[in-house]
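See below for the structure under consideration.
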Amino acid sequence: MLSREDFVFTIGYDGPIAVVDRQAKKKFGGLSTSELAEKGLFRAAYSSAVYSGNTEEKKLVAEAYNRHLGHSGEDLTQVEESDLTAIDRLFGVFLIDVKRSLYI
């Protein structure tokens with residue numbers, strides 16, 4: 001399994017290898033889920049929440065996203081543990097068992 005920081009800043013996959021944004025990881029890797037959301041790094045914040053498995057963190061990110069962007073339409077605060085929700089589709093973040101990282 002990837003480290004939290006590698007997972008949070010993964011920008012894609014090349015087969016069984018996670019492609020990680022090295023600069024973002026270096027600059028923001030030590031921030032918590034809420035700190036990432038406060039900085040507007042919503043995908044990274046949501047990745048952090050998914051990695052932790054904490055539904056409350058997922059809700060926190062959705063609420064921050066709605067506040068920051070003035071989101072209208074589907075309510076992104078409806079986060080369920082097992083269902084694919086709007087925020088899951090928006091950010092496309094899912095836990096995948098990957099053991100290697102490639103830094104770019």
Qualifying helices (runs of 4 or more DSSP H) (wholly inside the stretch 18-73; at least 3 residues being aromatic (Phe, Trp, Tyr)): 42-52
Extreme residue, farthest from ILE96 (Cα to Cα), among residues of the stretch 29-69 that are charged (D, E, K, R) and without any contact (Cβ under 8 Å) to a residue 12 or more places away in the chain: ARG67
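Within the stretch 78-97, restricting attention to residues that are part of a loop (DSSP other than H, G, I, E, B), more than 13 Å from ALA49 (Cβ to Cβ) and not charged (D, E, K, R), which residue is modelled with the lowest pLDDT? Spell out the reasoning first.
Of all residues in the stretch 78-97, those part of a loop (DSSP other than H, G, I, E, B) come to 78-85, 92-97.
Filter again for more than 13 Å from ALA49 (Cβ to Cβ), leaving 78, 80, 82-84, 92, 96-97.
Filter once more, so that each one left must be not charged (D, E, K, R): 78, 82, 84, 92, 96.
On the way: GLN78: 62, SER82: 55, LEU84: 63, GLY92: 89, ILE96: 87.
Across the stretch 78-97, the extreme among qualifying residues is SER82.
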Condition broken by ALA49, with the remaining ones in (1) buried (at least 19 other Cβ atoms within 10 Å of the Cβ); (2) at pLDDT below 90 satisfied: (2)
Failed condition for ILE17, given (1) more than 13 Å from the chain's Cα centre (by Cα); (2) at pLDDT below 95: (2)
GLY15 closer than 18 Å to LEU95 by Cβ and surrounded by fewer than 13 Cβ atoms within 10 Å (Cβ to Cβ): yes
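The values are calculated or read from the model by the stated rules, or taken from the named source; none is laboratory data. Quick caveat: nothing in here was measured; it's all calculated off a predicted structure. Don't worry about glycine lacking a Cβ; one is built from the backbone with ideal geometry, like all the others, and counts go over all protein chains shown.
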